[in-house]
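Written out below as structure tokens is the structure these notes cover.
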Amino acid sequence: MSSADAAGFDDLWDALLPIGRDPASGGYHRLGWQSADLTCREWFTEQAGRRGMDLECDRNGNLWAWRNPAAAGGAVVTGSHLDSVPDGGAYDGALGVVSAFAALDALAERGATPECPVAVVAFAEEEGARFGVPCLGSRLLTGALRPAAARALRDAEGVSFDEAARGAGVDPHALGAEPDRVARIRAFVELHVEQGRGLVHTGHAVGIGRGIRPHGRWRLEFRGAADHAGTTALADRHDPMLGFAQAVLDVRHAAARHGVVATIGRVNVRPNATNVIPAAVTAFLDVRGGEEEVVRSVLAEVIGRAERHGARDHVQVELVEESWSPAVSFPADAVARLQVALGPVPVLACGAGHDAGALAAAGVSSAMLFVRNPSGVSHAPGEHADHADCLAGVAALADAIAALGA
């Protein structure tokens, strides 16, 4: 990349970097449609304006910045998301949006911007960290999530999705699939920091995504009876914490046996008092694997054991599916075009969900680029990409946009 291209990336990155950063941990708190995320959306609006791009917020809260919007032909779209998990890393999502603007700048500098419509998109609530459903904006856009289901969501503080949407300037009653918008996309390419260390020993700064493994989120409910911690005999308790504790171990053991990854990373206890036996425990389970049937086998094993323990402890147990993302293979022709444009770079499978997966599942020709992460850490402050690798990612994305727009 030229020094001007590098300076352009740095200006974009430096302007976004402080937003939502916790000075104590170095992590980011950009939960969907809360204050920091809204400030990120203002940053997006400003960057679009600086480039003379047409800004649009669709009915589901996704932001679009258009270049050549009235041109003939299908659009080439690139981008990612700006929200984060609690105390997340700086690069997840944000690197893809910054790189999208920087790549278009680089193409404009060398007079190579495609003549077709081109857009940068920032999808809303990709992480699902606030309302529990990942890729919420892209799922609503493609019709994979019903508007009524979205409007029924509440965050951990009890704020409804309706309230949050209105606070972001989005009409919750206008939510829904936009088939004409989806059909307008000729190709979508998302750049993302690698969430692992697959590229570290390859000698390559950038890789191409082959597809996304199946994954889902479930809610495990353990319902017992609250009582006094000091006066209730052990034999008389209906303690949901016992089954929950056992389920944490069962999840880990089942995952190891079946060769998948599974995590209980969030727990709600009610009434959550030191001297009260809990009335209920809600645990949120994330399971990902290479094959859907294997993931389902893990679930069946975990819920079966939980129900048996519940019967022993006089506790009701229920498993509720919150979201499911089937396996996605990016179109072979899109992957091949990127390989021609970028040369012999590694092709990787991904265990994390992305908006590119939601679009691909809806029939959009989608692809992904990954930038090397030397730490291998993701969703935490240790997430990282070297500056030179970020610039290599911008150059690769520019080449990809040119190839897909040709």
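When residues of the stretch 281-291 are filtered for being touching a helix residue (DSSP H, G or I) at 6+ places or on another chain (Cβ under 6 Å) and either part of a strand (DSSP E or B) or in the same structural domain as Val133 (by TED's automatic domain parsing) (or both), how many remain?
The number of residues fulfilling the criteria is 3.
Here are Val364, Val345: which of them is under 19 Å from His201 (Cα atoms), assigned by TED's automatic domain parsing to the domain that holds Glu127, of a type in the set (Val, Ile, Thr) and part of a loop (DSSP other than H, G, I, E, B)?
The match here is Val345.
State which residue is farthest from the chain's Cα centre (by Cα) when the search covers only the stretch 1-51 and only residues that are buried (at least 20 other Cβ atoms within 10 Å of the Cβ), aromatic (Phe, Trp, Tyr) and at negative phi.
Restricting to residues being buried (at least 20 other Cβ atoms within 10 Å of the Cβ), aromatic (Phe, Trp, Tyr) and at negative phi, the top hit is Phe9.
So, in the stretch 187-221, how many residues would count as being surrounded by fewer than 18 Cβ atoms within 10 Å (Cβ to Cβ) and in contact with a His (Cβ under 8 Å, 6 or more places away or on another chain)?
0
Tell me which residues, restricted to the stretch 11-49, are assigned to a loop (DSSP other than H, G, I, E, B), over 26 Å from Gly132 (Cβ atoms) and in contact (Cβ under 8 Å) with a residue 60 or more places away in the chain.
Once the filter is applied, which keeps residues that are assigned to a loop (DSSP other than H, G, I, E, B), over 26 Å from Gly132 (Cβ atoms) and in contact (Cβ under 8 Å) with a residue 60 or more places away in the chain, the stretch 11-49 yields only Leu17.
Quick one: would you say Ala152 is in contact (Cβ under 8 Å) with a residue 60 or more places away in the chain, out of contact with any strand residue (DSSP E or B) (no Cβ under 6 Å at 6 or more places or on another chain) and assigned by TED's automatic domain parsing to the domain that holds Gly74?
No; evaluated as a whole, the condition is false for this residue.
Considering the stretch 257-279 alone, what residues qualify as being of a type in the set (Lys, Arg) and closer than 18 Å to His238 by Cα? Step through it out loud before you land on a result.
Initially, the stretch 257-279 is screened for residues of a type in the set (Lys, Arg), giving 257, 266, 270.
The one that is of a type in the set (Lys, Arg) and closer than 18 Å to His238 by Cα: Arg270.
Taking the stretch 1-30, which residues are modelled with pLDDT of 95 or more and of a type in the set (D, E, K, R)?
Asp10, Asp11, Asp14, Arg21, Asp22, Arg30 - these are the residues of the stretch 1-30 that are modelled with pLDDT of 95 or more and of a type in the set (D, E, K, R).
Which ones in the stretch 116-132 are in a loop (DSSP other than H, G, I, E, B), more than 24 Å from Ala156 (Cα to Cα) and touching a Phe, Trp or Tyr at 6+ places or on another chain (Cβ under 8 Å)?
First, pick out the residues of the stretch 116-132 that are in a loop (DSSP other than H, G, I, E, B): 116-117, 124-132.
Now narrow it down to the ones that are more than 24 Å from Ala156 (Cα to Cα): 116-117.
Residue satisfying the conditions is Pro117 alone.
Restricted to the stretch 254-280, and to residues that are in contact with a helix residue (DSSP H, G or I) (Cβ under 8 Å, 6 or more places away or on another chain) and either of a type in the set (Gly, Ala, Ser) or not assigned by TED's automatic domain parsing to the domain that holds Gly230 (or both), which residue is nearest to Asp155 (Cα to Cα)?
The extreme case among them is Ala280.
The values are calculated or read from the model by the stated rules, or taken from the named source; none is laboratory data. Since we're looking at a predicted model, the values are computed, not measured. Every residue, glycine as well, gets a Cβ built from its backbone with ideal geometry; the counts of neighbours run over all protein chains shown.
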